[in-house]
Structures are given as structure tokens and as C-alpha cells.
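Single-structure report; data block below.
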There are 2 protein chains.
Amino acid sequence: MKKVEEYTEEELVYLQNKLLEQYAHFKHRHLQLDMSRGKPSSEQLDRSNGILRVLDSFELEDGVDARNYGILDGIPEAKRLFSDLLRIPSANIIIGGNSSLNLMYDTIARFMLFGSLGSTPWCKLEKVKWLCPSPGYDRHFSVTESMGIEMITVPMTPDGPDMDMVEELAGQDESIKGMWCVPLYSNPQGICYSAETIERLCSMRTAAPDFRIMWDNAYGVHDIYEKIRLKDVFVMAKKFHNEDRIMYYFSTSKITFPGAGVALLAASEKNIAEVKKHMSIQTIGYDKLNQLRHVKYFGTADGIREHMQGLAKDLRPKFDVVLHTLEREIGDSGFASWMEPKGGYFVDIDTLPGCAKETVALAKEAGVILTPAGATYPYGLDPQDSNIRIAPSFPTVEELQEAMNLLCLCVKLAGVNKLLEI
Amino acid sequence: MKKVEEYTEEELVYLQNKLLEQYAHFKHRHLQLDMSRGKPSSEQLDRSNGILRVLDSFELEDGVDARNYGILDGIPEAKRLFSDLLRIPSANIIIGGNSSLNLMYDTIARFMLFGSLGSTPWCKLEKVKWLCPSPGYDRHFSVTESMGIEMITVPMTPDGPDMDMVEELAGQDESIKGMWCVPLYSNPQGICYSAETIERLCSMRTAAPDFRIMWDNAYGVHDIYEKIRLKDVFVMAKKFHNEDRIMYYFSTSKITFPGAGVALLAASEKNIAEVKKHMSIQTIGYDKLNQLRHVKYFGTADGIREHMQGLAKDLRPKFDVVLHTLEREIGDSGFASWMEPKGGYFVDIDTLPGCAKETVALAKEAGVILTPAGATYPYGLDPQDSNIRIAPSFPTVEELQEAMNLLCLCVKLAGVNKLLEI
């Protein structure tokens, strides 16, 4: 494929005209497609409808009536299910409500109000800073931003966050209190942290003794093409006596229902005790009937794994469309680059510098809504203005094919426009 | 009935011996009964089992799939249902998760972290104080205590909190930022705030411009003997331009399932906008399927009212047992006094001063667990050591009769012991 730098100005103008013509055709077709969020499709949700019919008894194995008050930190059956699935002891797990984001927000709010394991409440400090591997998950960044925490962008590498930078910053500045991590099939790039990255995160010296890693394992069992498993972060952290550093999150939002799944938090014994202490003031307990639904529906961890193979079967053709279309339409031209994720929920592309916003705007004008450009960076500021997150899960394969054709066209058109400006 | 002050010392000794004999009999019977919390009975929960079978479609009236992401503040159907029930406009309602306590905790945590409608975050202030009408709900007091807020006990009258004291304190001290209220069938006394009390709460001058009333209408439709309705707090507050003062809470914890109901928050437009702003960072949304279950099961506000009549039918014989036994065993003897609630979940008694702890301890030794004495006061400190909360909902009528026989015996025994000490 012809490389972007090989075009003469005349050729660029010719290409621009050709692309504009194609773009005009697209606009006439009045597409209407929202690919802005990582939402499961209806078909994928249908796979879990059975969970709404499994509740026929309510007595839990410890004798508690799941309909009544009682049990703060999750029913024992659900703890065991997720313990088996994630290989984390039940004692280190708290089952929450329907949202792991909510558990994360509450964790940071508690650090602000009460500190962590005896440290000064962060709201009493003059300055709190946070490391944000980017591109990353916009809702993570919104949480830290809303608390007035200063966010520092850390670039991603194919092995995870740039660990030289992380070690240097966290080691020197005691106002840096933690970092966001999506260690497996990262949102949006699909990067899986290498063993070395995880070891360095667990072993590094941090200037703040209450430095916390928010380990959002959102896609922990969400393989699509391959089965990738991470180094066990708790085993590794324990080895370096830093197990209190890790706050681990998981949910079934993308296993059963995003609106009505079950979320969990896992942490060291000390952290679990502290979270429970605060949680016992905040609530009498989360929805035990929904926890029981999940236990009855899946039965075992293998039940969840099997279910995930079904979801992967639905998602694979969609990821195929995205990756094949990118390969066919952009290839090695240089108009954009991307990684090929093996699982998760997103494909992430980098356009030519300064072209992401225009690409997204062009797509929107032709009826395809993408995640706003910049959203994958702290404060919505992509320093290169090049990152675009593609969420292939919601549309049908046919719609997605249309949308990808349009997106590739917009990437090239924005690229050509930019090159002709210079 | 013979009055406590009419007993000679000899008669007291005689009574003590008689009571001790009866108490020994009770101990031999090895009762095992937990009346510590206001939990519905299994029979009462069974009345709602049908709600677990109503979900057959998931499309909401605005086209959203209730299984998927989307809708931060509650499905329109559920807002309308509770709007009709509580006579609050849908626009002023946010539907939350399964716990109104959690909504209240989050509200106070937000005031601490962010202030309210532009005020200084409370965590930045040297001192924050709070008015606590008492006896009151122990979990309310735990929330304010956990945030380091200094609690001031305000006595209850048959018309609600002592409003002279409330007006004086709130009017003078700008560090007093709010108060807890359970306006209808208050926990634990079953007091219903008079029209005058509500008017004074809505109209009073407060030194703190961001003074907030946490209006926990937990028993808003929980009539047992009579149907009592309060003055509309929002209408009244608006009249005095103080609508931003009221944060209103309600839940179906004691309508459907305590573990799996639906909670809501209602407030002024400005407050709703501010809560939504923060909530949109905290979560993508609460469990819409459970909201839809409640809508489909009840259909209309009348459906809820009818359901509540069924629950009242279950609860009435239990309240009868408590009140009749108190009348028969204690009567006007002066060993204890109580109010006769017309609804709610509790009957509250006041023993002779200095006798509540011993009464609860005696009952426990004979196998009946009551709410710990003092729990109904801030910091667990009942200045008179006389208040005991009775929660009649969980036991069967027969068990409850046994427990009440024992409790009345313990009240008198503790009373006699105290009188003989002096």
C-alpha cells in the first residue's frame, strides 16, 4: 500500500477529491449508529436471560434469607464462585452492587475522607496526584478529576504503562498517591500487562506509603481470540510485602447484564477490614438476590468460562470486521496505526497527529457516533490528538461493516486534509 | 395498678423475689429470639415473591433496554410510580440502588467532599455539627459519627423534635449543618411530625446557609392502625424559599425485600442537578431491571397501597401483642412509659431512669436479644439510660408474646433492683 509520506501534493489533492466524493455518498445514506460506548448487543444480552428465571428458593448456605437484611460483604456462595474464577481467596473478596465503577469511586472517596490504613485523609493534604496510563478509561479519569486529584499522563507501551516513568514519579513524589490500571485487554488498546510490568508495579518503591493501585480487571475473563492470563498480582505483591497497595475490581457487567450484574472488590486482609468498617456504616448490604441469581445461573467458575466462550463467539466476527477493514482500507499506508487485541471490548487506533477530532467529527456528520476524541486521556486532552476508541460490541456485523468503511474513509480524509494544510 | 412510688421497701423486696422466681422459670425455657432489628418476617417477604417472576420484557418506555447500560437516575416508569405514591414530581426524584441508607451516606459524603450548591466542602471546615432528634435511628447517627461530625442530641416531643431547641441552635451556630428526621412513624417512637413542626423546620432561619434536613421518610406508607399523612414538606419549604434545605429519602426495603428493594432520593431542582452531576461520575446507573420489576409488579401507586394493607394485616396482631402486654403487665404502674404508634416498625418504651441497660441484659440472659440500650441515641449514650426499642416484625405472634412477657418482667425486675439500690 502506498505510504502516506510518498504522496506528492498533486496526488494528495486527487485523493482528497476521491475521498470527498465517497464521503458525500455516505452522507446520502443517512446512517444512524452509536459506537461511543462499550455496550453489549441485544443478542449478547439474550444469552443471559435465563438468569432472570433461576430464583426459586432464597435460603443461603449459612441459613440467611437472601430476601431479608443481613450479610454486608456478599453471600458466601457468590464469594466462592468468584474466588474460583479469579483465584483469589474468598476472605479477600467483597461482593458489591451492580457497578464496579461505583466500588472504585467509593474507594477513592474513602481515601479522601479517611485516608488509608491510618494515613492522613487525602482531603486534608494540599496536593494529591495520580498516575494515569493513557490512553485509558475515561470514567476512571473522571473519578480522580472530580476529587480534585491532579492527573499525570503516563504513556502505554505494548507491555503496559511506561514503567521507567512510573517508577521515577512514584518513587520521588509523595503527593502521588496511586494509579489506574486495566491490566488485561486494557481499555482501549487491549494491552495485557507483561509479567515484568506487574512485578515492577508490585515491587517498586513509592514515596507515598499509602500509594494505591486501582487494579480494574474489567476484562478478566473476556478472551476473544486467545486466552491470556496475567501474573497473579496479589501473589506478586505479597512477595514484596506490598499487598496493601492493590485494590482489585471485577464485575459481571459484560458477562451478564451491564445494568444488573454483580461487582466485586478484592484486597489484602487489612484493606478488606478497613473497607468493611466503612461499608458497614454506608449500607446494610447489597442485593443478595442478584448475587444468588448469578450463583444459581452459573453454578461454577467453569459455568462462567463456558458462557464467556459463547460471548466470544458473538464478538469475534465483529472484531474481525474492525481489524480486516482497517487492514484492507488503511493497512501499512501510515494513515493510522493500531494494535490487534486478543480480547476485551475495544480496538484502538492512532490517526496521523492532529486528526482524531476531525475524524470523529466527520464520522458524526455522516451518522456514526464514536467515543469523543481525547476521552481516553486525562482531562480529555490527547496531546497528539490522534487516539480513537472503536467499540464494536453493540452494532450488528453489517452495521459495523458500514461504520468501519466510513471510519476508515474519515481517517484518510482527515489525514489528507491535515497534510494539505501544512 | 399500684404505682411504683407507692411501694414500701418491704413490698419491693417481696416483688423482687416474686419477679426473680418468674425470671428463673423463663431462663429454664431456653428461649432464643432476636428482636434487635426491624426485619420483616418470612411470611411478610412471601407476599412479594411474585415480583421475582414479572420480568418478561426489557424495553422501557423510552426505548432503552433495561438490561444494558444507560439511564443514570432511574427509569421513567419507576419515577412515575413513586411520584404518584409520594406526590413528588418525577423531575425531583432520583431512583437509586437497594438502599436508602447508602443514598444518605453518599449525600453526606458528597457534602463533606464538595460542599452543597457552592458552599465550602465540609471536610475543609474546622468543625461540623449536626442535630440528632433522639431517640432516633442508630444507623443515621453512625453515618454522621463516621464523618467526624459532632452530634447534638435534641429531645423528641409527641409532635416531633423539640423545635424551640432546634430553632435556637440552628439559628445561632453556623457550624450546625443539618439534622436527621424520620418524620412519619419515627424510628423508634412512631411519632408523626405535626404540621407546625414541619412548618417550623421549613421556615426557620439557619445560621448555616447550607443547612440540610435529611428527611428519611422510611415509613411513608407504612400505616398499621390508622392512615396518617404529613404536611407536604416540599410545598412547605418552597413557601419559605427553603426548598434546597430538604433531602428526602424513601425505599421499598420494607415494602418488597430489604435486601433487594429500590431506594430513592427526592430534592429541589438545584439539588437534583448537583446530585446527578456527582452521581454521573460515581456510576453508569443503578439496577434498572429491579426498578422494572417493581413497576411491573405493582403497576400503580394504588397497587403499592393495596400491598401495604396486606403487610399491615400481618403486622397488626404483632403490635397488638406488644401494646396489650405492656398495658397488662406494666399499665400505669410507672415502671415504664410508651407511646402507641399508629404505624411504622417499632414500639419504644422508657423504663425507670438507669434501667434500660439492665433490662436488655436481663432479657439477653434469658434468651431474648433486643436492640442494645443506648443505640437510639448519638454515640450510644442515652442520658437517662431508659430507652428500649422493640421490633415486633420478625418473630411470630406466639414468640413475640413470650418475648414480651419476659421483657415486661425484666423491666419491672430492673426497676425494683434500681429502687432497692437507692
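Taking the criterion of being buried (at least 19 other Cβ atoms within 10 Å of the Cβ), in contact (Cβ under 8 Å) with a residue 12 or more places away in the chain and within 30 Å of the chain's Cα centre (by Cα), would at least one residue in region B:57-66 satisfy it? Taking every residue of region B:57-66 in turn, none turns out to be buried (at least 19 other Cβ atoms within 10 Å of the Cβ), in contact (Cβ under 8 Å) with a residue 12 or more places away in the chain and within 30 Å of the chain's Cα centre (by Cα).
For region A:186-196, the criterion of being in a loop (DSSP other than H, G, I, E, B) and in contact with a His (Cβ under 9 Å, 6 or more places away or on another chain) is met by at least one residue. Among the residues making up region A:72-97, those that are in contact (Cβ under 8 Å) with a residue 60 or more places away in the chain and within 15 Å of A:Ile272 (Cβ to Cβ) are A:Leu72, A:Asp73, A:Gly74, A:Phe82, A:Leu86, A:Ile88, A:Ala91, A:Asn92, A:Ile93, A:Ile94, A:Ile95, A:Gly96.
So is A:Gln32 over 33 Å from the mean Cα position of the chain (by Cα), within 30 Å of A:Pro353 (Cα to Cα) and in contact (Cβ under 8 Å) with a residue 60 or more places away in the chain or not?
In short, no.
The set of residues from region B:250-270 being crowded, with 24+ Cβ neighbours inside 10 Å, outside any loop (DSSP other than H, G, I, E, B) and not aliphatic (A, V, I, L, M) comprises B:Phe250, B:Ser251. Annotation note: of A:Ser36, A:Ser42, A:Ser48, the sole residue that is surrounded by 15 or more Cβ atoms within 10 Å (Cβ to Cβ), touching a strand residue (DSSP E or B) at 6+ places or on another chain (Cβ under 9 Å) and under 30 Å from A:Asp223 (Cα atoms) is A:Ser36.
Residue check: is A:Ala273 in a helix (DSSP H, G or I), of a type in the set (Gly, Ala, Ser) and in contact with a strand residue (DSSP E or B) (Cβ under 7 Å, 6 or more places away or on another chain)? Criteria not met by A:Ala273. Annotation: A:Leu230 fulfils all but one of (1) under 21 Å from A:Asp164 (Cβ atoms); (2) crowded, with 20+ Cβ neighbours inside 10 Å; the unmet one is (2). Of everything in region A:279-325 that's in contact with a Phe, Trp or Tyr (Cβ under 6 Å, 6 or more places away or on another chain) and not polar (S, T, N, Q), which residue is nearest to the other protein chains (Cβ to nearest Cβ)? Out of the qualifying residues, it is A:Ile284.
Can you find a residue that is closer than 21 Å to A:Leu169 by Cβ, away from every other protein chain (no Cβ under 11 Å) and among the charged types (D, E, K, R) anywhere in region A:132-155? For region A:132-155, residues closer than 21 Å to A:Leu169 by Cβ, away from every other protein chain (no Cβ under 11 Å) and among the charged types (D, E, K, R): present. Within region A:201-217, being touching a helix residue (DSSP H, G or I) at 6+ places or on another chain (Cβ under 7 Å), crowded, with 20+ Cβ neighbours inside 10 Å and not in a strand (DSSP E or B) holds for A:Cys202, A:Thr206, A:Phe211.
The single condition among (1) at pLDDT below 95; (2) surrounded by 14 or more Cβ atoms within 10 Å (Cβ to Cβ) that B:Glu5 does not meet is (2).
From the residues in region B:113-122 that are outside any loop (DSSP other than H, G, I, E, B) and of a type outside the set (A, V, I, L, M), which one is nearest to the other protein chains (Cβ to nearest Cβ)? For region B:113-122, the residue satisfying everything is B:Phe114. Those helices (runs of 4 or more DSSP H) of region A:1-112 in which at least 1 residues are within 11 Å of chain B (Cβ to nearest Cβ), considering only elements entirely within it, cover A:42-46. With respect to (1) in a loop (DSSP other than H, G, I, E, B); (2) buried (at least 19 other Cβ atoms within 10 Å of the Cβ); (3) among the hydrophobic types (A, V, I, L, M, F, W, C); (4) touching a Leu at 6+ places or on another chain (Cβ under 8 Å), the lone exception for A:Trp180 is condition (1).
Yes/no matrix, rows are residues, columns are (1) within 29 Å of A:Thr144 (Cα to Cα); (2) within 30 Å of the chain's Cα centre (by Cα):
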site	(1), (2)
B:Lys18	no, no
B:Ser36	no, yes
B:Pro40	no, yes
B:Arg47	no, yes
B:Val54	no, yes
B:Arg80	no, yes
B:Phe114	yes, yes
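Within region B:236-276, the residues that satisfy the criterion of being charged (D, E, K, R), away from chain A (no Cβ under 14 Å) and in contact (Cβ under 8 Å) with a residue 40 or more places away in the chain are B:Asp244, B:Arg245, B:Glu269, B:Lys270.
All conditions in (1) charged (D, E, K, R); (2) assigned to a helix (DSSP H, G or I); (3) under 17 Å from the mean Cα position of the chain (by Cα) hold for A:Asp320, with the sole exception of (3). Within region A:113-147, the set of residues being within 30 Å of A:Gln189 (Cα to Cα) and aliphatic (A, V, I, L, M) comprises A:Val128, A:Leu131, A:Val143, A:Met147. Flag: A:Asp46 does not match the condition of being farther than 21 Å from A:Cys355 by Cβ and modelled with pLDDT under 95. From the set of residues in region B:254-291 that are of a type in the set (Ser, Thr, Tyr) and touching a helix residue (DSSP H, G or I) at 6+ places or on another chain (Cβ under 7 Å), which is nearest to B:Asn187 (Cα to Cα)? Taking the candidates together, the pick is B:Thr256.
The values are calculated or read from the model by the stated rules, or taken from the named source; none is laboratory data. Just so you know, these numbers come straight off a predicted model, no measurement behind them. When we count neighbours, we look across all protein chains shown, and the Cβ atoms used for this are built from the backbone with ideal geometry, even at glycine.
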